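Novice: Please read through the structure below; I'll follow up with questions.
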Amino acid sequence: MAKRIVWTNTARKARRDILEYWIKHNGTNTYSKKLSTLFRIKVALLQSGHYLGKPTDFNDVRVSLVSHFSIFYKVRDEEIVIVGIWDNRRNPDDLHKNLEL
């Protein structure tokens, strides 16, 4: 059975910031649309195969890759909680500040 998807405010903001960055950087929304579609596809896969991602060092948090980005999520009884999206090219020391655990 597919679980309900819940996005934390932190994850929503990270997704929005990433998409807006690429629109400004490229001067077009083409890449942002592609990324948005990839995020949507991955989250749909996580709904039914919620253990597709790898466990992390964060308590009860798993991670799944989308291009250069990581989607961090928690599996609950009836839902998947997206706690953050991270650009893997950033400084990993800042990661814990960007997840809503």
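The values are calculated or read from the model by the stated rules, or taken from the named source; none is laboratory data. Not measured: the values here are computed from a predicted model. All Cβ positions, glycine included, derive from the backbone under ideal geometry; neighbour counts span all protein chains shown.
Novice: What are the residues in the stretch 1-24 that are surrounded by 15 or more Cβ atoms within 10 Å (Cβ to Cβ) and assigned to a loop (DSSP other than H, G, I, E, B), if any?
Specialist: Across the stretch 1-24, the qualifying residues are 3, 8.
Novice: Residue 70: under 15 Å from residue 15 (Cβ atoms) and part of a strand (DSSP E or B), yes or no?
Specialist: yes
Novice: Now a separate question. I'd like to verify a number: residues in the stretch 86-101 that are under 15 Å from residue 35 (Cβ atoms) and touching a Ser or Thr at 6+ places or on another chain (Cβ under 7 Å), how many?
Specialist: Adding up the residues that qualify gives 2.
Novice: Is it true that some residue in the stretch 25-40 is at pLDDT 95 or above and either at positive phi or in a strand (DSSP E or B) (or both)?
Specialist: Within the stretch 25-40, one or more residues are at pLDDT 95 or above and either at positive phi or in a strand (DSSP E or B) (or both).
Novice: Do we find a residue being at pLDDT below 90, closer than 18 Å to residue 6 by Cα, within 12 Å of the chain's Cα centre (by Cα) and not hydrophobic (A, V, I, L, M, F, W, C) anywhere in the stretch 83-100?
Specialist: Among the residues of the stretch 83-100, at least one is at pLDDT below 90, closer than 18 Å to residue 6 by Cα, within 12 Å of the chain's Cα centre (by Cα) and not hydrophobic (A, V, I, L, M, F, W, C), which makes the answer yes.
Novice: Could you grab the pairs with beta carbons closer than 6 Å, sequence gap of 6+ or different chains, first residue in the stretch 35-64 and surrounded by 11 or more Cβ atoms within 10 Å (Cβ to Cβ), second one of a type in the set (Val, Ile, Thr) and in a loop (DSSP other than H, G, I, E, B)?
Specialist: 63/56
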